[in-house]
1. Based on Cβ point charges of +1 for Lys and Arg and -1 for Asp and Glu, what charge dipole magnitude is obtained for segment 66-160 about its Cα centre, in debye rounded to the nearest 20?
2. Where a Cα-Cα gap under 30 Å defines reach, which lysines qualify for Lys102, not counting those fewer than 8 residues away within the same chain?
3. Using the Cβ atoms and a cut-off under 9 Å, what net charge is assigned to the surroundings of Asn115, where Lys and Arg are +1 and Asp and Glu are -1?
4. Between Ile65 and His98, what length in nm is gained on full extension when 0.36 nm per residue of separation is reduced by their alpha carbon distance?
5. In nm, to one decimal, how far is the Lys56 label point from the Glu83 one, both placed 7 Å along Cα→Cβ?
6. Subtracting the Cα-Cα distance from 0.36 nm times the residue separation, let me have the gained length for Asn141 to Ile33 in nm, one decimal.
7. Mark the label point 7 Å from the Cα of Leu74 along Cα→Cβ and return the residues of segment 137-160 whose backbone N is within less than 18 Å of it.
8. I'd like the distance separating the alpha-carbon centroids of segment 106-160 and segment 53-74, in whole Å.
Amino acid sequence: MRTNLFMIFIACLFFELNAFAQTSPVLKDCKTIEDSLQYLKKEFVESDRFIGEPAKELYQACKAILPIGEVIELASSPYIDPEGKSYLKGVTIYYDKHWAEKFYANQPLIVIDINFEDTHMRIIDFRQNVPIEKILDYTGNYIVKKIDIYIFQRGHEPIR
C-alpha cells in the first residue's frame, strides 16, 4: 500500500514538473525580438522582485540570462532641479556591445532602463570619477526604484 502511494506521488510530481517545464519558457525558446521582450519583462518587471533591492542583484540576474554588452548612465533633467543640476538617476543596459552601430543601421534593440532611488550623485561628478566599465560595480548598492524594458529602433516609437 505504501509503495503504491509512493509511486502515485512520484508520478504526480513528474507530471507536475513536466507541465511546468512546458509552460515556463526560457530566452533561448524565444523566436522573435518581441518574444524576448515579453520574456524579459516577465522576469524582471512583472515579478517586482528587484524593486527596493540593491541593483547588484538585478545585474546578476541580467548576466545570468545574457552577457551584458554595455552600460551607460541615466541622468535626471537639470530643468527639474532648482539649481539646474543633473543627477545620476539610473543606468541603461544593452545586451549588445555594438548597440550604437545597430541603432544607426535602424536595427531593433532591447533596452533595459533601471532607475534608482535618489543617489545624490551629480552626473558630472559621476562621469568624471567612474570609468564606463565600472558603472555596474559602482552602482550595485543603489536601490532599484523602477525597471523599464523595451525595444528601441531609430525613427520609431519604443515598443513596450
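1. Around 120 debye, computed over segment 66-160.
2. Straight-distance partners of Lys102: Lys28, Lys31, Lys41, Lys42, Lys56, Lys63, Lys89, Lys134, Lys145, Lys146.
3. Neighbourhood net charge equals 0.
4. Fully extending the segment from Ile65 to His98 adds 10.1 nm.
5. Here the answer is 2.9 nm between the modelled labels.
6. 35.8 nm is the gain from fully extending Asn141 to Ile33.
7. Of the residues in segment 137-160, 137-153, 157-160 have backbone N under 18 Å from the label point off Leu74.
8. Using only Cα atoms to place each centre, the spacing works out to 10 Å.
Read-outs: derived from the displayed coordinates by stated rules, not from any lab. Predicted, not measured: the structure shown is a model, and the values here were computed from it. Glycine gets a Cβ as well: all are built from the backbone with ideal geometry, and neighbour counts include every protein chain shown.
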